[in-house]
């Protein structure tokens, strides 16, 4: 399951409809117009439109898969770091920092908060642990750091 805010779910749903409808139709029109020009071998407009068509169809498949797996249900308020939670943590001796554990697409709608996916190194290290837990986190440089989870509360936009 992939957790999204309602705003992100609505934005992605609207994007999917736009890509399936008007964008797809406009690309097909351009391909048809380029075909009518004749020789396709050296027709840059035709090849550009075909490339754009492939990109659009790939994005449609990506959005369909994402939205099929998505939920906007609020996360339980159990202080466990999980998707849909605003996780506050600190490295030993450092200041507290917070991030939203969720799909990266959320960042476009909520620019005031960092968003990390559960598959990111930090997200994966903290997911499933509760407030008060200290977790070993392997940093990109290979060193292991101790991270304390201060809190994990349901996110509200």
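The values are calculated or read from the model by the stated rules, or taken from the named source; none is laboratory data. In this text, all values refer to a predicted model and were calculated from it rather than measured experimentally. Cβ: placed from backbone, ideal geometry, glycine included. Neighbour counts: every protein chain shown.
Points worth noting:
- Pairs meeting the criteria (first residue in the stretch 43-62 and farther than 14 Å from residue 25 by Cα, second residue outside any helix (DSSP H, G or I), beta carbons under 7 Å, at least 6 apart or on different chains) are 43/37; 46/40.
- Subset tally (residues that are under 11 Å from residue 87 (Cβ atoms), part of a loop (DSSP other than H, G, I, E, B) and over 15 Å from the mean Cα position of the chain (by Cα)) for the stretch 98-132: 3
- Flag if residue 140 is at pLDDT below 90, out of contact with any strand residue (DSSP E or B) (no Cβ under 7 Å at 6 or more places or on another chain) and within 30 Å of residue 7 (Cα to Cα): no
- In the stretch 10-54, residue surrounded by the fewest Cβ atoms within 10 Å (Cβ to Cβ) [restricted to those that are touching a helix residue (DSSP H, G or I) at 6+ places or on another chain (Cβ under 7 Å) and within 30 Å of residue 155 (Cα to Cα)]: 13
- Residues within the stretch 73-95 that are at pLDDT below 90, surrounded by fewer than 14 Cβ atoms within 10 Å (Cβ to Cβ) and closer than 19 Å to residue 127 by Cβ, tallied: 4
- Among all positions in the stretch 7-25, there is at least one residue which is farther than 30 Å from residue 111 by Cβ and either assigned to a helix (DSSP H, G or I) or free of Cβ contacts under 8 Å to residues at least 24 places away in the same chain (or both).
- Within the stretch 115-138, the set of residues being out of contact with any helix residue (DSSP H, G or I) (no Cβ under 8 Å at 6 or more places or on another chain) and surrounded by fewer than 16 Cβ atoms within 10 Å (Cβ to Cβ) comprises 119, 120, 121, 124, 128, 130, 132, 134.
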